[in-house]
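Below is one structure, written out as structure tokens, with a few remarks after it.
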Amino acid sequence: MEAVMFQLLAGLATGSIYASLALALVMIYQATHLVNFAQGEMAMFATYLAWSLINAGMGYWPAFCLTVLGAFVLGVLIERIVIRPVENAPVLAVVVVFIGLLVILNSVAGWIFSYTIKSFPSPFPPALGLRYMSPHQVGALLVTLLVLALLYVFFRFTPLGLAMRAAAENPVSSRLVGIRVGWMLALGWGLAAAVGAVAGMMVAPIVYLDPNMMSGILLYAFAAALLGGIDSPGGAVLGGLVVGVLENLLGAFVIGNELKLVVALVLIVGVLLVRPSGFFGSVQVSRV
Amino acid sequence: MKRRLLPAVALLAATLTFPALAQKKYDPGASDTEIRIGNTNPYSGPASAYGAIGKAIAAYFRMVNDRGGINGRKVNFMSYDDGYSPPKTVEMARKLVEQDEVLLLFQSLGTPSNTAIHKYMNAKKVPQLFVATGATKWNDPKNYPWTMGWQPNYQTEARIYARHILQTKPNAKIAVLYQNDDYGKDYLKGFEDGLGPQHQNMIVAKASYEVSEPTVDSQILQLKSSGADVFFNITTPKFAAQAIRAAYDSGWKPVHYLNNVSNSVGSVLKPAGLEKAVGVITSAYVKDPTDKRWANDPAMKTWREFMAKYNADADLQDPFNVYGYSVAATLEQVLKQCGDTLTRDNVMKQAASLKRFRIDTLLPGIAISTSPTDYAPIEAMQLERFNGHEFELFGEVISNEQ
Amino acid sequence: MNRKMVTVTILLVVMACILPFVLTNYRTFQATLVLVYAIALLGLNILTGYNGQISLGHGAFYAIGAYAAAILMDQGGVPYWATIPIAGAVCLVAGFLFGLPALRLEGLYLALATFALAVSMPPILKAHFIEKWTGGVQGIVIIKPDPPAWLAAAGVKLNADQWLYFFVLAIALVLFIMGWNLVSGRIGRALVAIRDHHTAAEAMGINTALYKSLAFGVSAMYTGIAGALGAIAVQFVAPDSFSVFLSITFLVGIVVGGLASLSGALYGALFIQFVPNIADELSKAAPWAVFGVFLIGFVYLMPTGAAGAVRALTRGRREGKLSHAKEALP
């Protein structure tokens, strides 16, 4: 019984890793209706920036804030410079641009920072730890929930959030009501990058910082975001936690480590077959 | 008159009797001025961390060329990216052999990559020398006379740990964590073989992981709950650090054997937490650049100067840079021994006749020896235990040499 | 097919036949790989380009085809040429079976399902309960086929590389002609109709479920045949050769080559075969970064792919003014 408890809580801890990146994916989707495959690498790059600042002597929280800000600016710049020229290209062409961005960021990070793993500090005091979860794992989960709450409030209750959702949903009508669609997109990218940076800084102390840190996590985050519903931040977090726990329990007690990923994915796709828009995703209704 | 003629006649007789000394023989890839060496390495893709080895070797040969080359010939080191994908390795190997016409293929990296070109290289009779993988299959001179490994193979290393366990803790309950690929499974096999028929009873838990997984925390919990008191940790650096930390944090205190691939103090133990790695046992054959033991070691000082001058972009903490330096030095020796007979045949012959060749970046007591029936250059390792600051060697150098 | 296209195609085929006699063995090998990738990309294009179903998992069908050929040759003693139709049939069924439940999924969710397939392939191939057949992590080594005896008896001397090239070329031609037939006929129009306006297509009486599943099946068959041919050319299969990155490479190939176009498959194959090599020549420090820059550059310059750019160029020259007809390309 204790073993199950351990695996469950370890699953929640890993799940919050997936959830935090899934939030960034949902963020970018809500702003642009596209899934940015380079989100993980952007988060990794931002974490390296934070690491460089901390290594140069800056304190944790100043480095954290500066990195989140820097990531925001980077996101806006990437949207304006890299994504803007292919705005009107077919969707798949934009996906290829994301892939290009992914490999560039990965390769450049490896070149600048090398591939040896780096430790990343955790800001959470030891008092936060529970019997089965380390202080950082608890802290990371809390931060993910906090970001979720902030995003929810932003999109639901602020005019800016509404404008962003409108711009992604219906750019033509939004322009007619005076929303600057172009800037909404850039803002969306900036915010997604910032959320990604937070995710990266929460994840790095657990998995260690290296250029390939996010590649495995991206897959899980993608599955989690879709499981929860690609336009639901709450769904993304729930999806992430479910995926984490599911994988751990499958691996430890059901199918063994070799095939746990396969079974988990089959189950997720199975859920999607029954509920094609995920747990909380809004069902797509299109007028004919 | 006769007296002056005698030395001339003697010289003429000598030249006629030893024609090889006066002749130069070249195979494709060698000439009076250059020796072309081919290599494939993953500079892109998920295994790009190993690309550091290719870069270190390239830097080494730049140094050799600055010193005048090998027997007066410059080394042209041609290395291509294969992204750790066997089809790409096949393509690049064919390019090196058929288009660039290199003398030999050196240190191509990766077990699946080398498996893919194994038959081809032997069919073409081009040396596949000092491959960068510890798989056991490269030591097969009878069937594959053109392929030779370099580092101690994984099964040998695992057997050393198994033997140590049988000697010190014969009633051990062992848990194993391994990477689910060729490298991990090779270690596992050697370990099970080393324990003998009782391995079924001794190994109470096995857990595997994929490189794409974020953490191995779940696996560590599984292993801990098996009640094992010995832990064999077959992981690459990132996961090794996670495993060491997770084991400690969960309160599990087994006798911890760590595979050689991940025993760097600076790159693995420090991120895990030096205090969490106390007692870790591993084996070594190369000096760790982050271990304080070698801070004033003359060989490592030379290595650091080399890194500063020729490989300044690289990470000094990365043990791959010492590995690359050492294996390149081995090739330099082989090519030196070839003299002016730079044929592929002679390259393999010289590679198979290294007699206790010593490189000072290897641990003291470990030397390189090969023979026509022994294609395993380094077969010696020494066990060492981590005391919280550095590794302490214990026991003797354990050698598998015949 | 108009006269111009026929002439161009015939010219290309003639050139293709001459190639192995003017190129070195190594270049012939590379050309063989280009043909293999072209077949794979054509398969993916049928599904994603013409029928609009996104697949991030075609590497899995390539793997199934490759392993089918390898296992048949290694353990079943089946001659290499017989493994091709078998691999095709296996993948046709596999694709169709996958396409059936996939009918319920759209867009991103379908992408995830196919992505899941691609990610699952390596662990499945490594699973120890089928290790006997698949060789587990070690993979399977295949022997390259020699030119057949009847060719030598007829006085034609080819080496193994050249023979394999012609073998793959012949299969590629057959598959391309079949593909052209498919997309320019009723079925192709139905597929495009389903892609462009699903509901209207159904309203017009097209059995969308059947066509979509068939599209999956046929597309998987093409890519599976490519996988089998690729395995024979490279002479080695291993689980980690077929990672999710292969699927992503295929997607990149059809986008850069040109969606919903046959020639796009060839352009895309040239891109994914040669551009990584070029990137490697340009930079040892970060070759992937150079590749990424090339990728983005290509998409900027040619958002509808190379085929789209060629079409725009030739149309512009022919008519001298902008065409107002709606193109088949998205």
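The values are calculated or read from the model by the stated rules, or taken from the named source; none is laboratory data. Nothing here was measured: the structure is a model prediction, and the numbers come from that model. Ideal geometry is used to build each Cβ from the backbone, glycine not excepted, and the neighbour counts take in all protein chains shown.
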All positions within the stretch A:124-162 that are more than 20 Å from A:Leu23 (Cβ to Cβ), in a helix (DSSP H, G or I) and of a type in the set (Gly, Ala, Ser): A:Ala127
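If you check C:Val256 against the conditions, is it among the aliphatic types (A, V, I, L, M) and within 12 Å of another protein chain (Cβ to nearest Cβ)? Reasoning before the result, please.
Details: among the aliphatic types (A, V, I, L, M): yes; within 12 Å of another protein chain (Cβ to nearest Cβ): yes.
So C:Val256 fits the description; yes.
Counting only residues that are more than 11 Å from chain B (Cβ to nearest Cβ) and touching a residue at least 24 places away in the same chain (Cβ under 8 Å), which one in the stretch C:3-33 is nearest to C:Gly224 (Cα to Cα)?
Initial filter on the stretch C:3-33 (more than 11 Å from chain B (Cβ to nearest Cβ)): C:3-22, C:31.
Now drop any that are not touching a residue at least 24 places away in the same chain (Cβ under 8 Å), which leaves C:13, C:16-17, C:19-21, C:31.
Working: C:Val13: 23, C:Ala16: 23, C:Cys17: 24, C:Leu19: 26, C:Pro20: 25, C:Phe21: 29, C:Ala31: 19 Å.
Out of the qualifying residues, it is C:Ala31.
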Failed item, numbered, when A:Pro90 is tested on (1) more than 10 Å from chain C (Cβ to nearest Cβ); (2) surrounded by 14 or more Cβ atoms within 10 Å (Cβ to Cβ); (3) not polar (S, T, N, Q): (1)
Conditions (1) crowded, with 24+ Cβ neighbours inside 10 Å; (2) within 18 Å of B:Val327 (Cβ to Cβ); (3) under 20 Å from the mean Cα position of the chain (by Cα); number of the one not met by B:Ala116: (2)
Residue tally, condition at the interface with chain C (Cβ under 7 Å from one of its Cβ atoms) and in a helix (DSSP H, G or I), over the stretch B:82-97: 6
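Output yes when any residue across the stretch A:7-19 is within 18 Å of A:Pro211 (Cα to Cα) and either crowded, with 23+ Cβ neighbours inside 10 Å or touching a residue at least 40 places away in the same chain (Cβ under 8 Å) (or both), and no when none is.
Step one: list which residues in the stretch A:7-19 are within 18 Å of A:Pro211 (Cα to Cα), which gives A:17-18.
Applying the additional criterion that residues be either crowded, with 23+ Cβ neighbours inside 10 Å or touching a residue at least 40 places away in the same chain (Cβ under 8 Å) (or both) yields A:17-18.
The answer is yes; a qualifying residue exists.
Only one of these is assigned to a helix (DSSP H, G or I) and within 14 Å of chain B (Cβ to nearest Cβ): C:Ser213, C:Ser241. Name it. First the steps, then the outcome.
Values: C:Ser213 fails: within 14 Å of chain B (Cβ to nearest Cβ).
Step by step, each of C:Ser213, C:Ser241 is checked, and only C:Ser241 is assigned to a helix (DSSP H, G or I) and within 14 Å of chain B (Cβ to nearest Cβ).
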Pairs, first part of a loop (DSSP other than H, G, I, E, B) in the stretch C:47-61, second among the β-branched types (Val, Ile, Thr), C-beta under 6 Å, six or more apart: C:Ile54/C:Thr48; C:Ser55/C:Thr48; C:Ser55/C:Thr114; C:Leu56/C:Thr114; C:Gly57/C:Thr114
Exclusive hit being away from every other protein chain (no Cβ under 11 Å), aliphatic (A, V, I, L, M) and either without any contact (Cβ under 8 Å) to a residue 12 or more places away in the chain or touching a Ser or Thr at 6+ places or on another chain (Cβ under 9 Å) (or both), set C:Leu97, C:Leu110, C:Leu103: C:Leu97
Filter result for the condition that a residue is of a type outside the set (Asp, Glu) and at pLDDT 95 or above, over B:Ala272, B:Ala329, B:Ala312: B:Ala329
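Would you say B:Gly134 is in contact (Cβ under 8 Å) with a residue 40 or more places away in the chain, under 14 Å from the mean Cα position of the chain (by Cα) and either within 14 Å of chain C (Cβ to nearest Cβ) or in a loop (DSSP other than H, G, I, E, B) (or both)? Break it down into steps so the answer makes sense when it comes.
Working: in contact (Cβ under 8 Å) with a residue 40 or more places away in the chain: yes; under 14 Å from the mean Cα position of the chain (by Cα): yes; either within 14 Å of chain C (Cβ to nearest Cβ) or in a loop (DSSP other than H, G, I, E, B) (or both): yes.
When the stated conditions are applied, B:Gly134 passes them.
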Filter result (free of Cβ contacts under 8 Å to residues at least 60 places away in the same chain and in contact with a Phe, Trp or Tyr (Cβ under 9 Å, 6 or more places away or on another chain)) within the stretch B:327-344: B:Gln333
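From the list A:Ile217, A:Ile230, which residue is touching a residue at least 40 places away in the same chain (Cβ under 8 Å), outside any helix (DSSP H, G or I) and β-branched (Val, Ile, Thr)?
On the way: A:Ile217 fails: outside any helix (DSSP H, G or I).
Just a single option satisfies the conditions, and that option is A:Ile230.
Based on what the data block shows, is B:Leu105 at pLDDT 95 or above and either crowded, with 24+ Cβ neighbours inside 10 Å or not charged (D, E, K, R) (or both)?
Yes; evaluated as a whole, the condition is true for this residue.
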Helices (runs of 4 or more DSSP H) completely within the stretch C:123-190 that count 1 or more residues being among the aliphatic types (A, V, I, L, M): C:149-153, C:160-184
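For the structure I just gave you, tell me whether C:Gln138 is of a type in the set (S, T, N, Q), touching an Asp or Glu at 6+ places or on another chain (Cβ under 8 Å) and over 30 Å from A:Gly229 (Cα atoms).
Values: of a type in the set (S, T, N, Q): yes; touching an Asp or Glu at 6+ places or on another chain (Cβ under 8 Å): yes; over 30 Å from A:Gly229 (Cα atoms): yes.
Criteria met by C:Gln138.
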Qualifying positions in the stretch B:213-242 - at the interface with chain A (Cβ under 10 Å from one of its Cβ atoms) and touching a Pro at 6+ places or on another chain (Cβ under 8 Å): B:Ala241
Long-range neighbours under 8 Å by Cβ, at least six apart or interchain, first residue without any contact (Cβ under 8 Å) to a residue 60 or more places away in the chain and at the interface with another protein chain (Cβ under 9 Å from one of its Cβ atoms) within the stretch B:251-279, second part of a strand (DSSP E or B) and among the basic types (Lys, Arg): B:Pro271/A:Lys118
